[in-house]
Structure formats: C-alpha cells, structure tokens
1. Between Q64 and E38, what is the label-point separation in nm under the 7 Å Cα-to-beta-carbon projection?
2. If I stretch the segment between R49 and Q22 completely, what's the gain in nm (0.36 nm per residue apart, minus their alpha carbon distance), one decimal?
3. What percent of all Cα-Cα pairs in the stretch 6-87 falls in each 10 Å bin, counting up from 0?
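Nothing in this text is a laboratory measurement; each read-out follows from the coordinates by a stated rule. Just so we're clear, the structure is a prediction, and the values are computed from it rather than from any experiment. Here the Cβ is made from the backbone with ideal geometry for all residues, glycine too, and neighbour counts use every protein chain on show.
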Amino acid sequence: MSLIQKKNLNYLTRVEQFFLAQKGSGLTLSAQDYHVIELWERQGLELDRLCRAIEECVHSVRRQSRDGAQVRLSLHLLREEIEAKMEGPLP
C-alpha cells in the first residue's frame, strides 16, 4: 500500500489505493469511481470485505480476457459484480 499507516487513511483513500494497486496502472480514479466508493461508505460496507471482492473481480475479469488483452477496469464498471460478491461468501 503506502508508507502512511492504515489508521491514518480514510475509507475512500484506502479503496482508491487498493484498486489502483490491483489494476496495476493509473494515478487516480474517475469521478464515477469516487462516487461509487462514497456510496459504499454510506452503505457501511466493510472495508476488508470490499477489498477482497474488488480483488476477486479484477482477477476474474483478467482471467476472462482473451490473449492477455488490455481490459478497462473501473469500479464504476465492476460495481454490480463487486456488490454481488459482497453478498456471498468470499475466500
């Protein structure tokens, strides 16, 4: 993650940094992605469980892409899949 202690990072920043690390590119998210994170925070989604769901979705999308093709990853586009994973058991 970063050298900043976890307890000093807010929900939005932690999700942002986690997703960008999973994605492996980018410096910031889109306005739509920030909006999705704010909605999740208001809904009270547990951060660790959310990050596991994000990680699962990113890996799933990459497995499904053909020939290692570059795939567009955004929280906005993955929202439904992430939320569905939050409802079920996560590894």
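1. Taking the two extended label points, one gets 2.8 nm.
2. Full extension of this stretch gives 8.2 nm more.
3. Taking every Cα pair in the stretch 6-87, the percentages come to 17, 57, 23, 3, 0.
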